[in-house]
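As structure tokens, the structure follows; a few thoughts come after it.
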Amino acid sequence: MSTQPLVLVADDEPRITKLVSLALSEEGFRVVTASGGEDALARAEEVRPDIVLLDIVMPDLDGIEVMRRLRARRNVPVILLSARGSVADKAKGLDLGADDYLAKPFHPDELAARVRAVIRRTSGVALEAGIVRFDDVEIDLERRTVTRAGELVSLSRTEWLLLQHLAVNAGKVVLHTELLTKVWGPEYHDDLQYLRVWVSRVRRKLGAKPGEPGRIRTFQGIGYLLDVEAGAEAIGADAAGALGASHT
């Protein structure tokens, strides 16, 4: 069985799928193509690609809807392709959950580099996919669900992406800049206040009491850590303070 990454390319323009297929095949990727949104969903279910390239504008299902449905099934990296290349369009695509955004026309070398970068950046999620448990919380990284005391926890897309990255790196400090870049995009890499607000929301969803960090520990000026090992007595304000952490 080949170990080369498998790329699914979905675009209703045959010349685009042909160009992308040739460019990526020359770089050593395996490539399968789809002619539209519905076809992309069927092909993804059949071949389980390592990454998906989606044209945003397709006649049956647009790329955003296809991405949403793909992510509901499994956590596969997605690069959106679009003729719209403005900063606003790129930011919107990333905010909707894409791992990258590439404007047409693009150079084949840039396309291959972007695909390699996304696979490299997201490989940790694929390798560590499983279930993370602590207290009465269960995070299923494959199914993209969170339960607390057996009840499903409702999370927004942004809350899930933030928690997912912390869960994949459970027990490790994840840098502020890494979280901001992974969840919101590189243009947000310095927006610490924005990150604090969303971390606070996720803490509440996981059952942390007001004023306490719960299982998401803060390391001031560095980042956050999802603590899945500490006992209940070690995750309150005193324990975080002892490690030089802040609850903000």
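The values are calculated or read from the model by the stated rules, or taken from the named source; none is laboratory data. Since the model is a prediction, treat every value here as computed from it, not as a measurement. Neighbour counts run over all protein chains shown; Cβ positions are idealised from the backbone, glycine included.
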Search result, residues across region 145-164 that are free of Cβ contacts under 8 Å to residues at least 24 places away in the same chain and within 16 Å of Phe134 (Cα to Cα): Thr145, Thr147, Ala149, Gly150, Glu151, Leu152
Region 201-219: number of residues that are touching a strand residue (DSSP E or B) at 6+ places or on another chain (Cβ under 9 Å) and small (Gly, Ala, Ser): 2
Qualifying residue in region 179-187 (condition: farther than 21 Å from Ala117 by Cβ and either crowded, with 19+ Cβ neighbours inside 10 Å or assigned by TED's automatic domain parsing to the domain that holds Asn75 (or both)): no
Identity of the residue in region 136-158, closer than 23 Å to Phe219 by Cα and modelled with pLDDT of 90 or more, that ends up surrounded by the fewest Cβ atoms within 10 Å (Cβ to Cβ): Val137
Complete set of residues in region 39-69 that are surrounded by fewer than 16 Cβ atoms within 10 Å (Cβ to Cβ) and out of contact with any strand residue (DSSP E or B) (no Cβ under 9 Å at 6 or more places or on another chain): Glu45, Pro59, Asp60, Glu65, Arg68, Arg69
Hey, Val183 aliphatic (A, V, I, L, M), modelled with pLDDT under 90 and not in a strand (DSSP E or B) or not: yes
Enumeration of residues in region 49-64 that are in a loop (DSSP other than H, G, I, E, B) and more than 24 Å from Gln4 (Cβ to Cβ): Ile56, Val57, Met58, Pro59, Asp60, Leu61, Asp62
Of all residues in region 225-248 being more than 20 Å from Glu138 (Cβ to Cβ) and outside any helix (DSSP H, G or I), the one that is modelled with the highest pLDDT: Thr248
Flag for Lys205 being farther than 26 Å from Arg68 by Cα, of a type in the set (D, E, K, R), over 16 Å from the mean Cα position of the chain (by Cα) and not assigned by TED's automatic domain parsing to the domain that holds Arg74: no
Those residues of region 4-48 which are out of contact with any Ser or Thr (no Cβ under 7 Å at 6 or more places or on another chain), in a loop (DSSP other than H, G, I, E, B) and either among the basic types (Lys, Arg) or in contact (Cβ under 8 Å) with a residue 60 or more places away in the chain (or both), in sequence order: Pro5, Glu27, Phe29, Arg48
Residue among Ser21, Ser25 that is among the polar types (S, T, N, Q), at pLDDT 90 or above, surrounded by fewer than 16 Cβ atoms within 10 Å (Cβ to Cβ) and out of contact with any helix residue (DSSP H, G or I) (no Cβ under 9 Å at 6 or more places or on another chain): Ser25
In region 188-215, residue farthest from Val228 (Cα to Cα) [restricted to those that are surrounded by fewer than 20 Cβ atoms within 10 Å (Cβ to Cβ) and small (Gly, Ala, Ser)]: Gly211
